[in-house]
Amino acid sequence: MNSDRVDLPEVTSAADFEVFLPELDGDLLLDQDEEWCEVLVDGRRDRIRFHDYHRIYDIPGMYERLFYDMLECVSPRLVRDLLATALAEHAMKAENLRVLDVGAGNGMVGEEIRTLGVDTVHGVDILEEAAAATRRDRP
């Protein structure tokens with residue numbers, strides 16, 4: 001398993017937007033619920049906290065750009081690699097699995113798991129915006 005930076009495929013977005021990360025003093029420690037960025041959409045610049053997923057999912061491609069491109073998160077591929085390792089260790093075939101992705105967000109983990117050959121992936125998330133983003137970005 002390789003934890004080096006992995007380039008995820010770029011998502012085509014209908015929204016034209018820019019994301020700006022703050023330049024903070026290196027000594028400043030923020031709680032994870034206080035972390036934020038600013039986004040410029042249609043000439044309007046707004047501050048969005050990283051945990052305001054409903055707002056992030058409303059902008060097509062923003063989740064991917066912010067967390068995967070800019071902050072270099074590799075969680076979906078890491079989950080996929082861990083599952084692949086477990087399948088190999090137990091001599092199991094991915095096509096025999098049915099996966100329930102709890103907290104599925106916009107479906108990125110499910111998309112990665114399907115690359116292993118899993119045919120059935122069901123995602124659930126508390127946010128309606130997550131389901132809408134999945135239908136929009138990963139039908």
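The values are calculated or read from the model by the stated rules, or taken from the named source; none is laboratory data. What you are looking at is a predicted structure, and each value in this text was computed from that prediction instead of being measured. Note that we place each Cβ from the backbone using ideal geometry, even for glycine, and neighbour counts take in every protein chain shown. These accessible areas exclude ligands, DNA and RNA; they are computed on the full protein's heavy atoms, side chains included. Shrake-Rupley method; radii C 1.70, N 1.55, O 1.52, S 1.80 Å.
Here are a few things to note about the model shown:
- Scope the range 107-139; condition part of a loop (DSSP other than H, G, I, E, B) and under 24 Å from His54 (Cα atoms); matching residues: Gly107, Asp125, Ile126, Leu127, Arg138, Pro139
- If the condition is being under 15 Å from Phe20 (Cα atoms), outside any loop (DSSP other than H, G, I, E, B) and aliphatic (A, V, I, L, M), then the range 56-106 contributes Ile56, Met62, Leu66, Met70.
- The one condition in (1) modelled with pLDDT of 95 or more; (2) of a type in the set (A, V, I, L, M); (3) touching a helix residue (DSSP H, G or I) at 6+ places or on another chain (Cβ under 7 Å) that Leu82 fails to fulfil: (3)
- Of all the listed residues (Thr12, Thr115), the sole one being open to solvent by 90 Å² or more (accessible area, probe 1.4 Å), under 19 Å from the mean Cα position of the chain (by Cα) and modelled with pLDDT of 95 or more is Thr115.
- Candidates Arg45, Arg135, filtered to the one that is within 25 Å of Leu30 (Cα to Cα) and open to solvent by 80 Å² or more (accessible area, probe 1.4 Å): Arg45
- Residues of the range 81-112 satisfying the condition of being in contact with an Asp or Glu (Cβ under 8 Å, 6 or more places away or on another chain) and under 17 Å from Glu64 (Cα atoms): Gly103, Ala104, Gly105, Asn106, Gly107, Met108, Val109, Gly110
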